[in-house]
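Encoded as structure tokens, the structure appears first; notes follow it.
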Amino acid sequence: VAMEQAPLTRVSWQDLEWLRHFPLNRDTVLDYFANSQFYDRTCLNEQLNMQQGLSREERAEMLEQMSGIEYALAKAQEVPPTPTAAARTLYVIEKRQRTAGGGGGGGSAVLRLYYVLDGVVYEAPTLNSVLRSRLLRLSWLLESAFEAVRGVTAPQRAGGDAGPKGGGATAMDVGS
């Protein structure tokens, strides 16, 4: 069993030369992604790419019978250019652990998510890492607030006198 590699959420990848020669769209984004450091060359996608002349349906049937890592396009959002704005694209790619199903009962579990935003590939952070980061930030903010409150002295009464109101004599004043 291969060890799972560490997340690369602080890394991005882009191939400007590839983008100059090929269009990036829902049909080519997995080919583009396959050139990045995020792509596992031992995946099922590579094994199927070696099978020449397979139709899309034949590839899907073969995939049902295979176990291992696969990459699949989960979402595509393509906004065409307008006179005032350039084209915008967003693709979400899932890295899945596929289990073969004899009799059609296979399945897959999502291991990681990647997104391609206008030609730049990123690994999406896990929910756990996002929550951990937000909680650490909240902890730091609360600690800072408590430190600020501790630094405040006891409140003074109006007029700067911390003694009793009315100017009347107290037991301390009578004894002196």
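The values are calculated or read from the model by the stated rules, or taken from the named source; none is laboratory data. This is a predicted model, so every value here is computed, not measured. Here the Cβ positions follow ideal geometry from the backbone for every residue, glycine too, while neighbour counts run over all protein chains shown. Surface accessibility is based on the protein's heavy atoms, side chains included, excluding ligands, DNA and RNA. Shrake-Rupley method; radii C 1.70, N 1.55, O 1.52, S 1.80 Å.
General remarks:
- With a cut-off of 14 Å between beta carbons, the residues surrounding Y39 carry a summed charge of -3, where Lys and Arg count +1 and Asp and Glu -1.
- Förster-model FRET efficiency, 45 Å R0, A74 and R150, C-beta, rounded to 0.05: 0.40
- Measuring r between the beta carbons of W140 and L19 and using R0 = 41 Å, the FRET efficiency lands at 0.55.
- Fully extending the segment from E64 to R26 would add 11.5 nm, taking 0.36 nm per residue of separation and subtracting the current Cα-Cα distance.
- Shape parameters for segment 1-145, alpha-carbon atoms, Rg then Dmax in Å: 18.4, 65
- Peptide ranges 124-132, 69-77 listed from the most packed, as the mean C-beta count within 10 angstrom indicates: 69-77, 124-132
- Accessible surface area normalised per residue over segment 38-112 is 61 Å², counting heavy atoms of protein chains with a 1.4 Å rolling probe.
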